1. When you look at residue 236, is it in contact with a Ser or Thr (Cβ under 6 Å, 6 or more places away or on another chain) and either within 16 Å of the ligand (Cβ to nearest atom) or open to solvent by 10 Å² or more (accessible area, probe 1.4 Å) (or both), yes or no?
2. What tally of residues in the range 155-166 results from selecting those that are loosely packed, with under 15 Cβ neighbours inside 10 Å and either of a type in the set (A, V, I, L, M) or at pLDDT below 95 (or both)?
3. Among residues belonging to the range 125-139 that are surrounded by 15 or more Cβ atoms within 10 Å (Cβ to Cβ) and at pLDDT 95 or above, point out the one that is farthest from residue 195 (Cα to Cα).
4. Can you tell me which residue within the range 167-182, out of those that are hydrophobic (A, V, I, L, M, F, W, C) and touching a residue at least 40 places away in the same chain (Cβ under 8 Å), is surrounded by the most Cβ atoms within 10 Å (Cβ to Cβ)?
5. Could you list, in sequence order, all residues of the range 99-116 that are among the β-branched types (Val, Ile, Thr) and part of a strand (DSSP E or B)?
6. Regarding residue 96, is this residue of a type in the set (Lys, Arg), open to solvent by 20 Å² or more (accessible area, probe 1.4 Å) and in a loop (DSSP other than H, G, I, E, B)?
7. May I ask you to list the residues in the range 136-154 that are outside any loop (DSSP other than H, G, I, E, B), in contact with a helix residue (DSSP H, G or I) (Cβ under 7 Å, 6 or more places away or on another chain) and not small (Gly, Ala, Ser)?
8. With under 30 Å from residue 60 (Cα atoms), more than 14 Å from the ligand (Cβ to nearest atom) and assigned to a helix (DSSP H, G or I) as the only criterion, which of 196, 157, 191 stands out?
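The values are calculated or read from the model by the stated rules, or taken from the named source; none is laboratory data. Just so you know, these numbers come straight off a predicted model, no measurement behind them. All Cβ positions, even for glycine, are placed from backbone atoms using ideal geometry, and neighbour counts span all protein chains on display. Keep in mind that these areas ignore ligands, DNA and RNA; they rest on the heavy atoms of the full protein, side chains included. Shrake-Rupley method; radii C 1.70, N 1.55, O 1.52, S 1.80 Å.
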Amino acid sequence: MVEHSSSFLEPEELAHNIEQVRNRIAEAAQKANRPLEEITLIAVSKTKPVELVQLAFQQGLTHFGENRVQEALPKIATFHPEGIHWHMIGHLQSNKAGKVVEAFDMLQSVDSLHLAQVLERLAASREKHLPILLEINIAGEASKAGMRPEESLSVAREIAAYPHLDIQGVMTVAPLVTNPEEVRPVFRALRELRDRLRDAVPQHSWHHLSMGMTDDYQVAIEEGATMVRIGRAIFGARPSR
Ligand SMILES: *Cc1c(COP(=O)(O)O)cnc(C)c1O
């Protein structure tokens, strides 16, 4: 595959990719005996031009994920029609949190109590309720963001008392593996952790399990994912940074 061709994805190719991903999501849902409506496809548009987001929206995708604030803000400003949902999925520095609270519809990457404190203050001053997910580093990889599973309970108990943050679930980025079956235990562990958090902090819904990307989303759906975050399978390969 030629890397540079990715930014010039043709509309027909995008349509084909979207259809293929939808079919594979349906296949996995059926295999797991789960209703399809329970699974939200988040198209990860990082590094891709806003024109591709517009094309994808025309083809019925309504949830988009971005991982860098500076890159995302102009895209969101350019394209925010009724019915679109923008998800922040990358590590967030607290000095950029104000803009995120304003621009994004959900913040999936809350990875520390400190960040949550900052977000609560910002959301309160704007009189906003911010849907968030706690990002958990389930596999304990040193290179990955996310809080440790062991600390998530005490963090969740603290955040539960913040009136402007709405904890809707958890998110993880699974390790890179060659066979997606290898990360099944990671997805299962996130679901089990979510269940424990929900029991311990019942004031919040904990509905969402955001897990699964291009290489492993079918396995993630079999393990209960309610949100899959898919970039390359929809928009094509990304240039290596
Ligand atoms: C880039 C990214 C994705 C999408 O990855 P693909 O392998 O392209 O599907 C999902 N989640 C996060 C947090 C990402 O940064």
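1. yes
2. 1
3. So the first thing to find is which residues in the range 125-139 are surrounded by 15 or more Cβ atoms within 10 Å (Cβ to Cβ), and the list is 130-139.
Still in the list and also at pLDDT 95 or above: 130-137.
Working: 130: 22, 131: 19, 132: 17, 133: 14, 134: 13, 135: 15, 136: 14, 137: 16 Å.
Of everything passing the filter in the range 125-139, 130 is farthest from residue 195 (Cα to Cα).
4. Per the criteria, the residue is 170.
5. 110, the sole residue that qualifies.
6. So residue 96 fails the test.
7. Within the range 136-154, 136, 147, 149, 153 qualify.
8. Just one listed residue meets the conditions, 191.
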